[in-house]
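Here's the structure, in structure tokens; my notes come after.
The values are calculated or read from the model by the stated rules, or taken from the named source; none is laboratory data. If you're wondering where the values come from, they're calculated on a predicted model, not measured in any experiment. In this analysis, Cβ positions are derived from the backbone assuming ideal geometry, glycine residues included, and neighbour counts consider all displayed protein chains. All accessible areas refer to the heavy atoms of the entire protein, side chains included, with ligands and DNA or RNA removed. Shrake-Rupley method; radii C 1.70, N 1.55, O 1.52, S 1.80 Å.
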Amino acid sequence: MTHRPHSSRPRDALGSLSARLLLAFLLPTLLFLSLAGASVYALARASLEDELGSSLSALAAATASQVSGERMLTIEPGDDVSGTRTWRALVRLLDGVRTASGVRRVYAVDARGRMRADAGGNLPVGSELPDLARDRLELTRVLAGKRAASQVLFTGSDGLLYKTGYAPVVQDGQVVGAIGVEGSAAFFGPLRRLWRTFVMASAVALAALAVIAVFTAQGLARPLRRLMDSALRIGRGDLATPVPPEPTREIGVLARELEVMRGALESRD
């Protein structure tokens, strides 16, 4: 009875060794998978966002090249109600681009951000576009004669994510307005599904690795436990039972040395 508390400590140490081996297997793998997955997801998202923004701004530039800035500026509030020829012609052009490209919305604004024609959004002529307040920096670049795309995705009324590309409308070398093209970030659906697939595959891989780690830890703990039992027997005074050899090289050396010690103690007694 007095030896039980003494012998429980090595067995607890073996249990701790198994737990450490399990952590040694799983923790680095978990960190690697988490960092790799997050990095790939962020890189893929950023690349797709940049490509979408570039495509939308290119489409906006192609549309702006077909818009007469002089005629666009003649459109006044109420023209959409009366349906003037200039307004209908511009809306027809924008709506044709929207239908052909599959984007959600194409609109034309003047340099002050006032709506002149809106295909897909139906915002009245002369009203302010709230989205321009969000993309104030991008609009500044557009008014300087450059193409730009919104840096932040926004959520539409349908709950989907969208991005806007802008291009300047130029008349006699001066920027008099801008064309905005809103496109859906539909790639986030497949990207999210890919991320979920990656998470599931990582969980399966970690589970398989945990099983391997458990078997490895048990395979290492068994010879150590046999060696521990032999050491405890010798400590209790049992010098007649030989220490069994172990196939593992390192533990086998310890077993042989312990057997030599046991033999020496036995011969001395």
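Results, tabulated for the structure shown:
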{"read-out": "Number of the exception - Ala44 against (1) open to solvent by 50 Å² or more (accessible area, probe 1.4 Å); (2) in contact with a Leu (Cβ under 8 Å, 6 or more places away or on another chain); (3) of a type outside the set (Ser, Thr, Tyr)", "value": "(1)"}
{"read-out": "Matching entry among Gly78, Gly121 (being of a type outside the set (A, V, I, L, M, F, W, C) and at pLDDT 90 or above)", "value": "Gly78"}
{"read-out": "Candidate set: region 245-269, residues that are charged (D, E, K, R) and surrounded by fewer than 16 Cβ atoms within 10 Å (Cβ to Cβ); chosen: the one modelled with the lowest pLDDT", "value": "Asp269"}
{"read-out": "Any pair with Cβ under 8 angstrom, 6 or more apart, that starts in region 48-64 at a residue that is under 19 Å from Val91 (Cβ atoms) and ends at one that is outside any helix (DSSP H, G or I) and open to solvent by 60 Å² or more (accessible area, probe 1.4 Å)", "value": "Ala60/Arg147; Ala64/Val170"}
{"read-out": "Residues that are free of Cβ contacts under 8 Å to residues at least 40 places away in the same chain, surrounded by 11 or more Cβ atoms within 10 Å (Cβ to Cβ) and more than 12 Å from Met261 (Cα to Cα), drawn from region 227-244", "value": "Leu227, Asp229, Arg233, Asp238, Thr241, Pro244"}
{"read-out": "Scope region 208-226; condition among the β-branched types (Val, Ile, Thr) and touching a residue at least 60 places away in the same chain (Cβ under 8 Å); matching residues", "value": "Ile212, Val214, Thr216"}
{"read-out": "Scope region 132-182; condition closer than 14 Å to Gly53 by Cβ and among the aliphatic types (A, V, I, L, M); matching residues", "value": "Leu137, Val142, Ala148, Ala149, Val152, Leu153, Leu161, Ala167, Val181"}
{"read-out": "Test set (1) at pLDDT 85 or above; (2) in contact with a helix residue (DSSP H, G or I) (Cβ under 8 Å, 6 or more places away or on another chain) - Ala44 fails condition number", "value": "(1)"}
{"read-out": "Scan of region 11-36 for residues that are open to solvent by 70 Å² or more (accessible area, probe 1.4 Å) and at pLDDT 70 or above, ordered by number", "value": "Arg20, Leu23, Leu27, Pro28, Leu30, Leu31, Phe32, Leu35"}
{"read-out": "Extreme residue, modelled with the highest pLDDT, among residues of region 171-204 that are open to solvent by 80 Å² or more (accessible area, probe 1.4 Å) and under 30 Å from Glu70 (Cβ atoms)", "value": "Gln174"}
{"read-out": "Residues satisfying the stated conditions in region 54-71, i.e. under 21 Å from Arg104 (Cβ atoms), crowded, with 16+ Cβ neighbours inside 10 Å and of a type outside the set (Ser, Thr, Tyr)", "value": "Leu56, Leu59, Ala60, Ala61, Ala64, Val67"}
{"read-out": "Helices (runs of 4 or more DSSP H) fully within region 82-164 counting 1 or more residues that are more than 17 Å from Ser65 (Cβ to Cβ) and of a type in the set (Phe, Trp, Tyr)", "value": "85-101"}
{"read-out": "Any hit, region 205-222, residues being open to solvent by 70 Å² or more (accessible area, probe 1.4 Å), in a helix (DSSP H, G or I) and modelled with pLDDT of 80 or more", "value": "no"}
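Each row is one residue, and each column tells you yes or no for (1) touching a Gly at 6+ places or on another chain (Cβ under 6 Å); (2) closer than 15 Å to Tyr166 by Cβ; (3) open to solvent by 50 Å² or more (accessible area, probe 1.4 Å).
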position	(1), (2), (3)
Leu73	no, no, yes
Val103	yes, yes, no
Gly113	no, yes, no
Gly120	no, no, no
Ser127	no, no, no
Leu132	yes, yes, no
Gln151	no, yes, yes
